[in-house]
1. Which value, in debye to the nearest 20, gives the size of the charge dipole of the range 62-182 about its Cα centre, when Lys and Arg are +1 and Asp and Glu are -1 at the Cβ?
2. Could you work out the pair-distance distribution P(r) of the range 1-109 from its alpha-carbon pairs, with 10 angstrom bin width and percents rounded to whole numbers?
3. For the range 107-205, would you read off the P(r) tail past 15 Å as a percentage of all alpha carbon pairs?
4. Can you give me the C-alpha center-to-center distance between the range 211-282 and the range 105-157, rounded to a whole angstrom?
5. Helix 10-28 sits at what angle to the longest principal axis of the chain, using alpha carbons and giving 0 to 90 degrees rounded to 10?
6. So if I place +1 on the C-beta of Lys and Arg and -1 on the C-beta of Asp and Glu, and nothing else carries charge, what would the dipole magnitude of the chain be about its Cα centre? I want it in debye, nearest 20.
7. In whole percent, what relative contact order does the range 279-324 give with Cα contacts below 8 Å and a gap of six or more residues?
8. So for Thr241, Thr135, what's the accessible-area order with a 1.4 Å probe, most first?
Amino acid sequence: MNIITIIGARPQFIKAAMFSQTIKQRQAEGYPIHEKILHTGQHYDYEMSDIFFTELELPAPTWHLGCGASTDEMTQQIAPILRQEQPDMVVVYGDTNSTLAGARAAHQCGIPIAHVEAGLRSFTNMTEEHNRIETDHLAHWLFCPTSTAISNLKAEGITERVYKVGDIMYDAALQIGSIATDTLDKLAISSPYLLATIHRAENTDQIDCLERILLAFAQLSWPIIWPMHPRTKKVISEHPTLQQILSQAPHIRVMDSVGYADIATLEKNAYCILTDSGGMQKEAYFHRTPCITLREETEWVETVQIGWNTLVGTDINRIITAVKNVQRPQQDIAEYGNGHTAQQIVDILCAF
């Protein structure tokens, strides 16, 4: 069985690494399964891409397209490769433009699609939501992390080859989280601190939203560690008002993006996490760190229901109040599996 895995963004590198490790295990056991990786180039700099291949021992991509973020451009470049290779299936992850481009190209070529992290819905008009829905409706196998995801698919009439397998990111959290790092010493970070990440278009492309977030951060009394996404850094560099807010808040420490082992250590040791990232909402829970989400909705409703995650949008007072009222629930979330999601996915695919 020949597989082409299509990836392009940080969360996909992490998920794909767990999948590739399992493929290697099955190969060692005699399974005739082979994988090639296609990197679209959606995240193209070292901090956002190459470092994850190194840290997670993800096999080097056979193709690196360097497309940037355009779904149409990616689709046009992926399709000829799939026609030439004719793999038995294409595997895509999550909800990025790379995900949808891979699914569209595979569909055009008549190649079955496996969608890992299927069925998630935020019920908003953001790009990621459109990507998820279209990919799910094109997919042949739909690997869902939760019962809610399965219910979402059922509501859209998708019931065949739908599997609840847990969260593949939990596999990675257990593996990487068990590795001791000297990140805090290396970066000279002392506790307690808050960890912040912001990258979604609805927060970075709307300057008033980003300004409110910065104003809230400036009013918090805790040190804030902020590995800044290139998109966010570019926006701030173009707006003097945002630069001024940061310059007047010395407790906000901005740094370049860091690797997965480093970010896991920062997550584990933070007082709480402020983010608009779907992946980091889960990672916060995996490391039992309270999360405050700078959005009005989440795909990971379980984290909110149990109390590990609080939705605050970009309202200054809600952000500050949520940090002051941080709690650590005693209840766990059983939905996310037992750390063997990648094995379940590979075994299901091998059965076909």
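The values are calculated or read from the model by the stated rules, or taken from the named source; none is laboratory data. Keep in mind that this is a model prediction, so the values were computed, not measured. Methodologically, a virtual Cβ is constructed for each residue, glycine included, from the backbone with ideal geometry; neighbour enumeration extends over all protein chains shown. Just so you know, the surface numbers come from the protein's heavy atoms only, side chains and all, with ligands and any DNA or RNA stripped out. Shrake-Rupley method; radii C 1.70, N 1.55, O 1.52, S 1.80 Å.
1. On the way: 7 positive and 15 negative charges, 59 e Å.
Around 280 debye, computed over the range 62-182.
2. Calculated over all Cα pairs of the range 1-109, the distribution is 16, 50, 30, 4 percent.
3. On the way: 3478 of 4851 pairs.
For the range 107-205, the fraction of Cα-Cα distances above 15 Å is 72 percent.
4. Here the answer is 31 Å between Cα centres.
5. Computed tilt is about 40 degrees.
6. Details: 26 positive and 41 negative charges, 79 e Å.
Approximately 380 debye in magnitude.
7. Working: 53 pairs, mean separation 16.5, N = 46.
Over the range 279-324, the number comes to 36 percent.
8. Working: Thr241 70, Thr135 0 Å².
The most accessible residue leads, giving Thr241, Thr135.
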